[in-house]
1. Between D189 and D152, 0.36 nm times their residue separation minus their Cα-Cα distance comes to what?
2. Which order, highest average first, do 147-158, 283-294, 105-116, 251-262 follow once you tally other Cβ atoms within 10 Å for each residue and take the mean per peptide?
3. Could you tell me the calculated FRET efficiency between D253 and L130, based on Cβ-Cβ distance and R0 = 30 angstrom, to the nearest 0.05?
4. Compute the projected area of the convex hull of the Cα atoms of the range 114-187, averaged over all viewing directions, and report it in nm² to one decimal place.
5. Using amide H atoms built in the peptide plane, which far-off residues or other-chain residues are under 5 Å from F133 H to H?
6. Can you tell me the accessible area per residue over the range 102-219, all protein chains present, probe 1.4 angstrom, in square angstrom?
7. With a ≥ b ≥ c taken as the square roots of the eigenvalues of the C-alpha gyration tensor of the range 102-227, please select rounded if a/c is under 1.5 and otherwise prolate if a/b is larger than b/c or oblate if it is not?
Amino acid sequence: MKKNVAISAVIVFVVAGAAFLFYISQPRVEFENVTLETEVEEPASEDHTEHRLEAIEDDPAEEENEEEGLTSSMPRPLTEAVNATVDFFSGRTLNILAIGDSLTQGVGDSRGQGGYVGLLERSINAENELVHFENLGKRGSRSDQLLATLEDPEVEEAIEDADMILVTIGANDIMRVLRENITDLEIKDFLHENGQYEERLYEIFSVIEDVNSRSEIYLIGIFNPFDKYFQEIPELNLIVEKWNETGEKVAGDFDSMTFIPIEDLFEDHDEELFAEDNFHPNDEGYRRIAQRVLDYLTDEEG
């Protein structure tokens, strides 16, 4: 009896160890087959729902019979331990945290469904709940405010749990310079603020890395919302380019970070890409951002 218990214990240890090695060697959720939604789907009819339920109810019985044949010769405690181990490692969901400004919050989305983040969530989880998204974007947030937000215990906990972190920040830093110097705007004002922005970015991502060193971080760049209407002011493009260069530079200094450019997505002046406020993306603008982010998540770009 003791010998059987000892053997069972060894088997449990081996199975658990194998499951753990299998788990850590597995690639993260693959997004290659994800297609971004183009319109809101109508709820399924009752008949379709009933068919789905019938199909779902048929499968567990077959699986149960198969498992019974595989485990009938094993002691009950060992069977439970093996099943619990497999369930633990196979049931894990990827966590994606989105933080930053109104671009993360989704301001301008006509359906109020979270902009590019909501579009990614609905598209990736269209068939199965593969990813849990948490959106902490806040309209008007600047880099100094985001840095302060990282001290919030709830935000820190969300960072700890995240496998991937999507960040949009910097556009409101530019806007602050515009507002404060609107009557006497000079390039030097932006260059000074850009230096401050760079320092804060390093602080932001250092804090995130200290809290969670295993997470992959994606810094999404800035676009120029004024280009369509103020093409005669080339300095605005230069300022946005400088901000993006800074973001790309900072991202390059962190092994876990990737910079995602989006400025080029809004250069088509013949396409309506902005919401009624002429500042935030509209549905098509967010769709373009979501597609670009998805391309980077699948390593098709970058």
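1. 10.2 nm
2. Top to bottom by mean Cβ count within 10 Å: 283-294, 105-116, 251-262, 147-158.
3. Efficiency, from the Cβ-Cβ distance: 0.45.
4. Approximately 6.5 nm², given one-decimal rounding.
5. For F133, whose amide H was placed from the backbone, the distant partners under 5 Å are I96.
6. 48
7. Cα axes put the range 102-227 in the oblate bin.
The values are calculated or read from the model by the stated rules, or taken from the named source; none is laboratory data. What you see is a predicted model, and the numbers here were worked out from it, not measured in a lab. Neighbour counts are summed over all protein chains in view; Cβ atoms, including those assigned to glycine, are modelled from backbone coordinates with ideal geometry. To get the accessible areas, we keep the full protein, side chains included, count just its heavy atoms, and leave off ligands, DNA and RNA. Shrake-Rupley method; radii C 1.70, N 1.55, O 1.52, S 1.80 Å.
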